[in-house]
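Colleague: This structure is in structure tokens; I'll ask about it shortly.
The values are calculated or read from the model by the stated rules, or taken from the named source; none is laboratory data. Remember, it's a predicted structure, so these values are computed and weren't measured experimentally. Cβ sites come from the backbone with ideal geometry, for glycine too, and all protein chains shown count toward neighbours.
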Amino acid sequence: MKPAKSNIIYVIIPLICFFLSSFAIIGSSFYLILSKEGQLIRKTIVKQYTAFSSSPPVFGTATQKSQSEDARASVISAYFQSQNAPLADYGTFFVAIADKYGLDWTLLPAIAMQESNGGKKVPGDSHNPFGWAIYTNSDRKFESWEESIEAVAKGIKEDYVSRGLVTTEQIMRRYNPTSYNHDGSWAKGVSYFIDIFKNY
């Protein structure tokens, strides 16, 4: 009978060790879950996981501001292109000049659409898509589209905005007095194209 008792002991002892180990592991787990130390450990693990699972930085990517500026230029060019307008290649220049003179980036493109369908209807080689100075009988001509864009931006800044003429209706008084004294269609048209550019 002694050998049988010895065999039982050999079986019972491992079982006891197993259960004790299990309880120890379970108890430690509950401690880590409930204790402050355990919360700290979990936060550290999550932080490390987040750091390694997040996307790596991409060097050379544009900033949010740059992306916005690029989007403005793309919108101007894309819309002019959809209208087969000669100004389709000047989106970036429009934005740069608008920023230079502190103008709304849609104002000049909108005036160009209202006055000449984006440069499609201009007198000869005048490069004057804005109808600039036609009411002064000066028949203003420019050497290039860039020259006209900057000249008109500068003129609007100095002769309009600086004098408090900032809305399309206010600008119309001086820019297109005929429309101002008639039905205001010029300001309505410019405002219409401003909305198109901003929502294109």
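Colleague: Quick one: would you say Tyr160 is in contact (Cβ under 8 Å) with a residue 40 or more places away in the chain and out of contact with any strand residue (DSSP E or B) (no Cβ under 9 Å at 6 or more places or on another chain)? Give the steps one after another, and end with the answer.
Modeller: On the way: in contact (Cβ under 8 Å) with a residue 40 or more places away in the chain: no; out of contact with any strand residue (DSSP E or B) (no Cβ under 9 Å at 6 or more places or on another chain): yes.
No, not satisfied.
Colleague: Under the condition of being loosely packed, with under 14 Cβ neighbours inside 10 Å and among the hydroxyl-bearing types (Ser, Thr, Tyr), which residue from the range 143-184 is modelled with the lowest pLDDT?
Modeller: Ranking the candidates gives Thr178 first.
Colleague: Separate question: Please indicate, with yes or no, whether at least one residue in the range 117-128 is buried (at least 16 other Cβ atoms within 10 Å of the Cβ) and assigned to a helix (DSSP H, G or I).
Modeller: No.
Colleague: For Asn117, which of the numbered conditions (1) at negative phi; (2) touching a residue at least 24 places away in the same chain (Cβ under 8 Å) fails to hold?
Modeller: Asn117 satisfies every listed condition except (1).
Colleague: To continue, here is another question. Within the range 134-167, which residues are part of a loop (DSSP other than H, G, I, E, B) and under 28 Å from Ser82 (Cα atoms)? Please lay out each step first, then the result.
Modeller: Going through the range 134-167, the residues part of a loop (DSSP other than H, G, I, E, B) turn out to be 137-144, 160, 164-167.
Scanning the range 134-167 gives Arg140, Lys141, Phe142, Glu143, Ser144, Thr167.
Colleague: If you go through the range 166-197 one residue at a time, how many are of a type outside the set (Ser, Thr, Tyr) and in contact (Cβ under 8 Å) with a residue 24 or more places away in the chain?
Modeller: Residues of the range 166-197 of a type outside the set (Ser, Thr, Tyr): 166, 169-174, 176-177, 181-184, 186-190, 193-197.
Those still in the list that are in contact (Cβ under 8 Å) with a residue 24 or more places away in the chain too: 176-177, 186, 189-190, 193-194, 196-197.
The qualifying residues number 9.
Colleague: Then there is this: Quick one: Gly91 ticks every box in (1) surrounded by fewer than 22 Cβ atoms within 10 Å (Cβ to Cβ); (2) under 12 Å from Phe197 (Cβ atoms) bar one, so which box is it?
Modeller: Going through the list (1) surrounded by fewer than 22 Cβ atoms within 10 Å (Cβ to Cβ); (2) under 12 Å from Phe197 (Cβ atoms), Gly91 breaks only (1).
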